[in-house]
Amino acid sequence: MMRILAQRDALRERWVVILGSSMLIKNHLQSIVSGLPNVQILGFVTDMPSLLLSSDVVVSKPGGLIMAEAFAAGRPVALLSKGAGQEVANSEFLLASGGGFLAEDPEAMVNRIHQVLSDEVLLSDLKARAEMLGRPNAALDIARLVYAMMS
């Protein structure tokens, strides 16, 4: 997907790519997108909630934790694949609920993101659906339930 971004003449969207702790991948991707002021490559971050809240769409694999974090922030999730194992069920849940979408390939993903960001009604609808799926107070709710059961 970074190669697609690097080939675009007029990249209007701001892209923040969070990779985790792999400096090798980070350096490789930075070399691909060097010179693109709208693309920022980050390694491991400690402020994921604020990064999610500053985003419009989260492009990710269909992992349960990142999807839960995105939904808690009211952000739709865009997938490039349905994943494997449990991730397939996560993908199917996402697609059935309308809390995001699946793109066939990296170029389709870049085009779909551009379409979503260009259409305020579509973006608002996707965010609303994602927010309905979110449970930002889940840990507190569970702790209260356990406390009530113990009392």
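Remarks
- Point-charge dipole on Cβ atoms (K/R +1, D/E -1) for the chain, about Cα centre, debye to 20: 260
- The chain: relative contact order as a whole-number percent, Cα under 8 Å and 6+ apart: 22
- Peptides 142-151, 117-126, 92-101 ordered by average Cβ neighbours within 10 Å, highest first: 92-101, 117-126, 142-151
- Expressed as a whole percent, the proportion of Cα-Cα pairs in the chain lying more than 20 Å apart is 54%.
- Charge tally around L117: other residues with Cβ under 15 Å, Lys/Arg +1 each, Asp/Glu -1 each, net +1.
- Each principal axis of the Cα cloud of region 46-86 was taken in turn, and the coordinate range along them, longest first, works out to 29, 17, 16 Å.
- Each part gets one Cα centre, and for region 1-63 versus region 80-151 those centres are 19 Å apart.
- For the chain, calculated [θ]222 nm from helices alone, where every DSSP H run of n ≥ 4 adds -39500 (n - 2.57): -16500 deg cm²/dmol
Each value in this text was obtained by applying a stated rule to the coordinates, not by laboratory testing. Just so you know, these numbers come straight off a predicted model, no measurement behind them. FYI the Cβ positions are ideal-geometry reconstructions off the backbone, even for glycines, and counts take in every protein chain you see.
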